[in-house]
Amino acid sequence: MSMSSAGGGRGEVTSEINVTPMADVMLVLLIIFMVVTPMLQKGISVELSRTRNPVDMKEADRDDAVLVAVTRDGQYFLGQDRVVIDDLAAKINDLLSSRLEKTVFVKSDFRAKYGDVVRLVDSIRAAGVDKVGLLTERLDDAVRR
């Protein structure tokens, strides 16, 4: 008398896919991307104004771009470092002294006071900067409706 099993006996090949290792790998990749993505952002995080027809400023994405931010509570940042508005012109002048093209990009929170942004642009102009780029986000058609 022989016993036969329905499947999975010795010598038989199962054709079922084991998805557990794939799910583990995908979860590890998801965690890695969730940790690394915020570190890739340059400068301080602010909520930019949304505009319909912004000009693409690809130079702002370069590693050597000078980014200055103003938050909604009136704090100023040069890259990741908090600065006092009185010292900003000297620090920008030091950063741009060896460059031919003197461009500074401004990231302003849309809730920041107008006076704070004007003070920031005046300080940048006092440093001898040729161009000031104001960064915004594109307003999508779906958001407009």
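The values are calculated or read from the model by the stated rules, or taken from the named source; none is laboratory data. If you're wondering where the values come from, they're calculated on a predicted model, not measured in any experiment. Cβ sites come from the backbone with ideal geometry, for glycine too, and all protein chains shown count toward neighbours. What goes into the accessible areas is simple: the full protein's heavy atoms, side chains included, and nothing from ligands, DNA or RNA. Shrake-Rupley method; radii C 1.70, N 1.55, O 1.52, S 1.80 Å.
Compute a Gaussian network model of the chain, connecting alpha carbons closer than 10 Å, and tell me which residue from Gly128, Gly79, Gly11 fluctuates the most. The residue that fluctuates most here is Gly11. A simple spin-label model places the labels of Lys58 and Phe110 2.7 nm from each other, with each point 7 Å out along Cα-to-Cβ.
Hey, what angle do you get for helix 114-126 against the long axis of the chain, alpha-carbon based, 0 to 90 degrees rounded to 10? With both axes taken from Cα atoms, the answer is about 70 degrees.
To put it simply, the accessible area of the chain at a 1.4 Å probe is 55 percent carbon and sulfur.
Taking Cα atoms only, the orientation of helix 85-96 departs from the longest principal axis of the chain by about 70 degrees. Placing pseudo-labels 7 Å out from each Cα toward the beta carbon at Phe33 and Leu100 gives an inter-label distance of 4.0 nm. If you run the Gaussian network model on the chain, springs between alpha carbon atoms under 10 Å, then out of Ile31, Ile17, Ile92 the most flexible one is Ile17.
Net charge dipole, the chain: roughly 480 debye, given to the nearest 20, about the Cα centre with Cβ charges of +1 for Lys and Arg and -1 for Asp and Glu. In this label model, Ala126 and Gln75 are separated by 2.2 nm, measuring between points 7 Å along each Cα→Cβ vector. Alpha-carbon geometry of the range 76-144: the Rg and the Dmax are 13.7, 44 Å, given in that order.
For the range 58-116, the fraction of C-alpha pairs more than 16 angstrom apart is 45%. Computed with a 1.4 Å probe over protein heavy atoms only, the accessible area of Arg50 comes to about 120 Å². Hey, what angle do you get for helix 20-40 against the long axis of the chain, alpha-carbon based, 0 to 90 degrees rounded to 10? Approximately 10 degrees, to the nearest 10.
Taking every Cα-Cα distance in the chain and sorting them into 5 Å bins from zero, the calculated P(r) comes out as 2, 8, 14, 15, 13, 10, 7, 5, 4, 3, 3, 3, 3, 3, 3, 2, 1, 1, 0, 0 percent.
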